[in-house]
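Step one of this worksheet: look at the structure below.
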Amino acid sequence: MNATFHPTRNWLGAALSLIYPEGCQICRQRRATAREGFVCAQCWTQVRFIRPPFCERCGLPYAGELNTPFECSNCREMEFDFRHARAAVVAKTVVLEAIHRFKYSRALWFEEFLAGLLVREAAPQLRAQEWDYIVPVPLHPLKKREREFNQAEVLARHLSSATRIPINVKVLRRVVPTATQTLLSREKRALNMRGAFATAGKLPLEKKRIIILDDIFTTGATTNACARALRRAGATDVCVWTVAHGL
Ligand SMILES: [Zn+2]
Ligand SMILES: [Zn+2]
């Protein structure tokens, strides 16, 4: 198909511009189309992709030169049940704002921008590896009713169609409506998450290799609680991917 002629996208762009405000949704000054994710070229320059060197376990970028594998101080104190966590970008400036507004203010027009960052970094790596499922971090049903969508699930669907690794939203449930983590210390976050997730009954997880998907990785307390539940149910390998790393 001719690259410039994409009827679905053109139709979608036109439809979105009716519903969504025009222009860059970060600076609200410059032009940005639906196709650009409503983020202008100038704001895009603040996006920082994570490149080596970074922590082998949690993916935290290391500022400076490093030729040997390293583990950051957070990971030296944590026992993780996932093999490693990786993120596409640093959770600062434009990215952090887009995530917060997408999640808490229903700024749904940031979906393409955030999913684009994730897919661009994660898909090439994941396609070269062997994984059975992508499992988005579930919301508790009460919170899902209140927010009306699970941002992790929305992002996971993009990654699933880009990699053809099936998404599985049945295997893991959030059974405790945990309080918000933002003001808690690292230790309290881990404690807060204990027992928050459960696997669903008889679904076969033995020998499965699973990617846990979330929007943002901070201390790893949430994704680790997911990983623990999946490993206990028989998953042999678990890794984590997020759009952004926030430490
Ligand atoms: Zn802008
Ligand atoms: Zn680390």
- prompt: What about F49, is it away from ligand 1 (no atom under 12 Å from the Cβ), modelled with pLDDT of 95 or more and farther than 12 Å from V94 by Cα?
  reply: yes
- prompt: Does H140 satisfy the condition of being within 16 Å of ligand 2 (Cβ to nearest atom) and either in contact with a strand residue (DSSP E or B) (Cβ under 7 Å, 6 or more places away or on another chain) or farther than 21 Å from I210 by Cβ (or both)?
  reply: no
- request: Please specify each residue of region 38-53 satisfying the condition of being within 16 Å of ligand 2 (Cβ to nearest atom) and open to solvent by less than 50 Å² (accessible area, probe 1.4 Å).
  value: I50, P53
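Have a look at R35, R83 and point out the one that is assigned to a loop (DSSP other than H, G, I, E, B), within 16 Å of ligand 1 (Cβ to nearest atom), surrounded by fewer than 19 Cβ atoms within 10 Å (Cβ to Cβ) and at negative phi.
Working: R83 fails: within 16 Å of ligand 1 (Cβ to nearest atom).
The unique qualifying residue is R35.
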statement: C75 meets each of (1) away from ligand 1 (no atom under 16 Å from the Cβ); (2) in a loop (DSSP other than H, G, I, E, B); (3) surrounded by 18 or more Cβ atoms within 10 Å (Cβ to Cβ) with one exception, condition (2)
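Considering only region 38-54, state which residues are charged (D, E, K, R) and either assigned to a strand (DSSP E or B) or free of Cβ contacts under 8 Å to residues at least 12 places away in the same chain (or both). I'd like the intermediate steps shown before the answer.
Initially, region 38-54 is screened for residues charged (D, E, K, R), giving 48, 51.
The one that is charged (D, E, K, R) and either assigned to a strand (DSSP E or B) or free of Cβ contacts under 8 Å to residues at least 12 places away in the same chain (or both): R51.
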query: Which of the residues that make up region 199-239 are assigned to a loop (DSSP other than H, G, I, E, B) and within 18 Å of the chain's Cα centre (by Cα)?
result: T218, T219, G220
query: Could you count how many residues in region 198-217 are open to solvent by less than 30 Å² (accessible area, probe 1.4 Å) and modelled with pLDDT of 95 or more?
result: 7
task: Determine whether region 118-134 contains at least one residue that is more than 16 Å from ligand 2 (Cβ to nearest atom), touching a residue at least 12 places away in the same chain (Cβ under 8 Å), assigned to a helix (DSSP H, G or I) and under 25 Å from A196 (Cβ atoms).
output: yes
- prompt: If G220 satisfies every condition in (1) open to solvent by 10 Å² or more (accessible area, probe 1.4 Å); (2) modelled with pLDDT under 95 but one, which is the exception?
  reply: (1)
field: Lone unmet requirement of (1) part of a loop (DSSP other than H, G, I, E, B); (2) touching a residue at least 40 places away in the same chain (Cβ under 8 Å); (3) surrounded by 18 or more Cβ atoms within 10 Å (Cβ to Cβ); (4) within 13 Å of ligand 2 (Cβ to nearest atom) for R57
entry: (2)
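Report the residue count in region 170-197 for those that are open to solvent by 70 Å² or more (accessible area, probe 1.4 Å) and assigned to a loop (DSSP other than H, G, I, E, B).
The first filter runs over region 170-197 and keeps only residues open to solvent by 70 Å² or more (accessible area, probe 1.4 Å), leaving 170, 173, 177, 180, 182-183, 186-188, 191, 194.
With the extra rule that they be assigned to a loop (DSSP other than H, G, I, E, B), the set shrinks to 170, 177, 180, 182-183, 194.
The qualifying residues number 6.
Residues are listed down the side, and each one gets a yes or a no for (1) exposed (fewer than 12 other Cβ atoms within 10 Å of the Cβ); (2) closer than 21 Å to V240 by Cα; (3) of a type in the set (D, E, K, R); (4) out of contact with any Cys (no Cβ under 6 Å at 6 or more places or on another chain):
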position	(1), (2), (3), (4)
Y104	yes, no, no, yes
A107	no, no, no, yes
E112	no, yes, yes, yes
G116	no, yes, no, yes
A122	no, yes, no, yes
L126	no, yes, no, yes
W131	no, yes, no, yes
Q151	no, yes, no, yes
L155	no, yes, no, yes
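The values are calculated or read from the model by the stated rules, or taken from the named source; none is laboratory data. The structure presented is a predicted model; accordingly, all values stated were derived computationally and were not measured. Every residue, glycine among them, receives a Cβ derived from its backbone with ideal geometry; neighbour counts consider all protein chains shown. These accessible areas exclude ligands, DNA and RNA; they are computed on the full protein's heavy atoms, side chains included. Shrake-Rupley method; radii C 1.70, N 1.55, O 1.52, S 1.80 Å.
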